[in-house]
1. Per 0.36 nm of contour for each residue apart, how much would the distance between residue 151 and residue 334 grow if the chain were fully extended, relative to their Cα-Cα spacing?
2. Mind running the shape call on region 256-365? Use the C-alpha gyration tensor, a ≥ b ≥ c as the square roots of the eigenvalues: rounded below 1.5 for a/c, prolate if a/b tops b/c, oblate otherwise.
3. Evaluate E = 1/(1 + (r/R0)^6) for residue 107 and residue 450, where r is the Cβ-Cβ distance and R0 equals 56 Å; express this FRET efficiency to the nearest 0.05.
4. Would you mind pulling out the separation of the Cα centroids of region 34-67 and region 301-348, in Å?
5. If the chain between residue 371 and residue 46 were fully stretched, how many nm would it gain, using 0.36 nm times the residue separation less the Cα-Cα distance?
6. Quote the FRET efficiency, to the nearest 0.05, computed for residue 215 versus residue 359 with a Förster distance R0 of 41 Å and r equal to the Cβ-Cβ distance.
7. Could you order peptides 198-210, 364-376, 148-160 by the average number of other Cβ atoms within 10 Å of their residues, highest first?
8. With r as the distance between the Cβ atoms of residue 295 and residue 412 and R0 = 60 Å, compute the FRET efficiency 1/(1 + (r/R0)^6) and round to 0.05.
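Since every read-out is calculated from the coordinates, none of them should be taken as a lab result. Owing to the predicted nature of the structure, the values given are computational and were not obtained by experimental measurement. Heads up, the Cβs are rebuilt from the backbone with ideal geometry, glycines too, and the neighbour counts pull from every protein chain shown.
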């Protein structure tokens, strides 16, 4: 063929793409086709290609013949994740600008009114072309170039050809604000190379809109003018469209709101350029209410009820009394469902179930409910997802005292299994345990075997849960004055688990039997004693001298 083209790889398959044969019209700026776009080997041969060799096979036929772009003769602009915009030719030399989302139905953004040709004979193919720069798309008819937001809206004319010696047969817009135009006569000669470069008018696009009021209350028959402010002030197209959400209650025309009957409506204003919106809620009050009583309905375990009230058939408002003097909000009338009440829950580690003692309904298993990660009791059934120390946490114990150490956890006493200290299980003979919920008292003989410092303690239960804390052993520094009637090592009566307190740093600790002997200290004591004795002897002698 003396010709070359490409194969491309998409989603695991290979396809032919012939960009040369899809751009055959060299003198039509912007004209492209999709005749040879993403084809299989078989379809490529059917359309006139032959004799090629390649290391890959294009066997997928997913895009052969049936895909929507095969008849598109303009650039296809990507306008979102799955949105595409292109030119579609229609009858009598006219065209449409079309948006398509994926493979969904087309949405017409613009239909041309200008045509190429006359009633005696239209050109068989419209000569409209598409370009994109930023968020603007550009297209042309026979005499004008238009700019439109990629999101849609009203196109703006940014250039008009008025030189009178032909028509636009191609237009390519560039990022510097210029366009290259192909000018030809009707019908086109087909080999024209008359190109001109023109500068387009800058379009000032709308960036937003606001209303002078966001909510207002009117009486039946009253009117109000809402003012829409389109930004920026020098925007090219300041057109807006008004709409009411409830025409029976409130109508709107060119911003003039009319209260027709009691009720509420949202007045919406939308810019023609860009589709920006703003709204105002209009509430219409009745000149006189027509009230009807609505009986109260009691709430059940599962469904809401409502209180007795009166409703106006004209404006729909609700009142607490027949005279309509106290208005009620919708939320004020609702009696919330009471929820099921279960006296005896069945439960496991993942949820709870039971029978409601109000309505008798069997409550299916539901997950436990907690306020936060620190909350360990289910709000419904009270299931404890872990146990905590409720008394004696971080206790202290003085060695050589006569007391013991008591710590309490909220675990079920019937499930109590063992105690661990520093990760080792403690022999049952070394502690006492009693109910309420679980009260463990470590005996003095066991405590005296432990080293000074901080130790960990953990209560183990047969349901796999546990409760943990620490306790500290420290030296006893002074004797306890008086009688320690409750045998708690001198701790405060408010807490039996706070054992003998550590001495303040500035207190002198009395030596215990077996303390190390310090010679220097003893020599100092001997010197002090000798000085005192010498002074006494001197004084005695002095007294004798006075006697003589």
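1. Numbers: separation 183, 0.36 × 183 = 65.88 nm, distance 4.34 nm.
Between residue 151 and residue 334, full extension yields 61.5 nm more.
2. Working: a/c = 5.62, a/b = 1.74, b/c = 3.23.
Oblate.
3. On the way: r = 81 Å, r/R0 = 1.44.
Efficiency, rounded to the nearest 0.05: 0.10.
4. With region 34-67 and region 301-348 each reduced to a Cα centre, they are spaced 68 Å.
5. Values: separation 325, 0.36 × 325 = 117.00 nm, distance 7.00 nm.
Using 0.36 nm per residue and subtracting the Cα-Cα distance, I get 110.0 nm.
6. Numbers: r = 43 Å, r/R0 = 1.04.
Using R0 = 41 Å, I get an efficiency of 0.45.
7. On the way: 198-210: 15.8, 364-376: 11.1, 148-160: 18.5.
Ranked by mean Cβ neighbours within 10 Å, highest first: 148-160, 198-210, 364-376.
8. Details: r = 49 Å, r/R0 = 0.82.
Step by step, r from the Cβ atoms, then E = 0.75.
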